[in-house]
Amino acid sequence: MIETISAILPGAMFLSLIVLLFSGAPVAIMLMGTSLIFGLLAIWTGDMRLVHATLLPNRIFSGTIDNAVLVAAPMFIFMGLIMEKTRIAEDLLLTLQRLMRVVPGGLALAVVLMGTILAAATGIIGASVIMLTMLALPTMLENGYDKGLSAGTVASAGTLGILIPPSVMLVFMGDLLSISLGRLFVAALLPGLLLAACYVIYIVTRSFLQPSLAPKAPPLTAAEKSGLWLETLKSVLAPLLMITAVLGSILGGFATPTEASGVGVVAALLIGLLRGRLNRVTLRESMDGSVTSLGMLFFIFVGATAFSYIFRKVGGEHFIVDTARALPFGDWGLLISIMAMIFVMGFFFDWIEITLIVLPIFAPIVPLMDLGDHVDKAQMIYWFAILVSLNLQTSFLTPPFGFALFYLKGAAGNMLAMRDIYRGIIPFVIVQLVLLGLVVAFPDIALWLPDQVMQ
């Protein structure tokens with residue numbers, strides 16, 4: 001009997017995870033509870049000794065809490081909150097709207113540009129979506145923009161920070177996959193900018209074909225033009241300095257991503273001081289928000305660490321690899337199946353849950369996959385990470401639990417109905433899936449830039 005239970009333990013643990021994910025229980029509690037139950041079963045069957053269980057706290061502290069790479073996560077979150085509280089991002093969006101208001105679809109393009117700059121400067125999704133909604137959505141609707149196009153533009157532009165570095169998600173992915181975070185940042189840069197460009201192409205094309213969806217705004221008055229270029233210089237210069245401080249120091253080889261996160265925080269503080277908006281209140285609010293966000297993230301991270309540790313001890317790694325090899329459709333089919341599973345999970349779960357659960361399970365399979373000459377073996381893990389990142393981008397926009405949709409609806413109030421939001425995000429999700437297919441077909445979209453920069 002014990003031998004039978006031992007043989008089915010990995011499969012039962014994996015299936016229990018899938019079932020419990022849909023139970024509605026807090027993910028961190030669910031992961032810890034599953035780990036405890038199957039850990040006790042593993043000790044009973046002899047798959048794991050009691051001394052292995054005593055090593056788990058050390059693994060959590062040394063691998064997660066005491067991980068120098070993960071220091072970048074709270075620093076990037078702190079940097080983004082400072083930028084929000086000191087209204088640096090608000091100044092930039094208002095300036096871009098004034099500059100592009102006479103262009104067909106210009107207000108929507110300003111939102112995409114703003115989302116791209118916010119992504120490269122902060123990478124904080126919730127704050128970006130809420131801020132873009134409150135600042136841009138009323139202006140777009142007042143100028144006769146279609147509600148669906150407005151909603152889709154704001155939600156998709158606000159989520160660019162999940163892919164464009166410095167992304168908090170990439171920080172966690174780099175640690176989970178044990179790969180160079182600097183190289184991962186560089187690999188994500190071109191696909192992220194290409195996604196923003198695809199949004200621009202879609203908006204321009206849609207506005208050209210259906211001008212009524214995105215009419216031109218009235219020309220600027222003399223009073224509105226007064227001091228516009230000086231304000232543009234000040235508004236654009238601030239976030240560009242932050243982007244240069246973070247990405248420039250990484251690409252130039254002057255700092256690691258962890259060190260660059262500290263440089264970015266210093267730059268944000270200095271810019272806030274120079275604009276006269278950094279005070280005790282904004283600093284306290286930024287620090288409180290950072291601690292709250294990180295507490296939630298690391299609670300899930302601890303649960304995921306415990307789950308992956310127990311899963312490996314009961315033979316989960318061999319279970320996944322053997323199951324994958326037994327599938328009849330080969331490595332290409334396996335890759336497509338993994339991407340399809342992540343996409344479907346994105347309808348119901350946040351990127352944090354998907355990343356911390358899926359990557360430790362499927363990461364051992366990636367080095368074993370053979371796609372011929374399509375991707376170099378040494379580059380396979382970075383290509384896979386970018387594919388997962390692009391896929392997870394959709395999780396913010398896909399109903400019923402796309403978090404960007406809830407952020408958008410909460411900030412928009414009665415300005416938008418949920419049907420407007422769902423109708424608006426569908427074309428942008430399709431654009432994301434098209435780009436995912438392009439990166440699958442042409443790996444150099446993700447791998448060319450790191451080869452040029454990270455010599």
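If you stretched the chain out fully between E142 and R284, how much longer would it get, using 0.36 nm times the residue separation minus the C-alpha to C-alpha distance?
Length difference between fully extended and current span is 47.6 nm.
For L237 and I381, FRET efficiency with R0 = 41 Å and r from the beta-carbon atoms, rounded to 0.05?
The calculated FRET efficiency here is 0.65.
May I ask for the distance between the Cα centers of the stretch 233-251 and the stretch 397-452, given as a whole number of Å?
Centre-to-centre (Cα) distance: 25 Å.
Taking K409 as the anchor, which lysines have their alpha carbon closer than 22 Å to its alpha carbon, excluding any fewer than eight residues away along the same chain?
Here the lysines satisfying the reach criterion relative to K409 are K85, K147.
Report the local net charge at H374: Lys and Arg +1, Asp and Glu -1, summed over other residues whose C-beta lies under 15 Å from its C-beta.
Result for the neighbourhood of H374: -4.
I want to check the label-to-label distance for E259 and L55. Put each point 7 Å from Cα in the C-beta direction and report it in nm to one decimal.
3.3
At 1.4 Å probe radius, can you tell me the per residue accessible area of the stretch 333-412 in Å²? Show your work: numbers first, answer last.
Numbers: 2450 Å² over 80 residues.
Heavy-atom SASA per residue in the stretch 333-412 reads 31 Å².
When the label point is put 7 Å from the Cα of W332 along its Cα-to-beta-carbon vector, which residues of the stretch 351-394 have a backbone N closer than 20 Å?
Answer for the stretch 351-394: 366-381, 383-385, 387-388.
Shape verdict for the stretch 246-292, please, from the Cα gyration tensor: rounded (a/c under 1.5), prolate (a/b greater than b/c) or oblate.
oblate
Run the numbers for A7 and L230: contour at 0.36 nm per residue of separation, minus the present Cα-Cα distance, in nm.
Contour length minus Cα-Cα distance gives 73.3 nm.
Sticking with the crude label model, points 7 Å out along Cα→Cβ, report the distance from I29 to A417 in nm, one decimal please.
For I29 paired with A417, the spin-label model returns 3.6 nm.
The values are calculated or read from the model by the stated rules, or taken from the named source; none is laboratory data. Small disclaimer: the values here were computed from a predicted structure and weren't measured. No Cβ is skipped: glycine too gets one built from the backbone with ideal geometry, and neighbour counts run over all protein chains shown. Ligands, DNA and RNA are stripped out before the accessible areas are found, and what is left, the full protein with its side chains, is counted by its heavy atoms. Shrake-Rupley method; radii C 1.70, N 1.55, O 1.52, S 1.80 Å.
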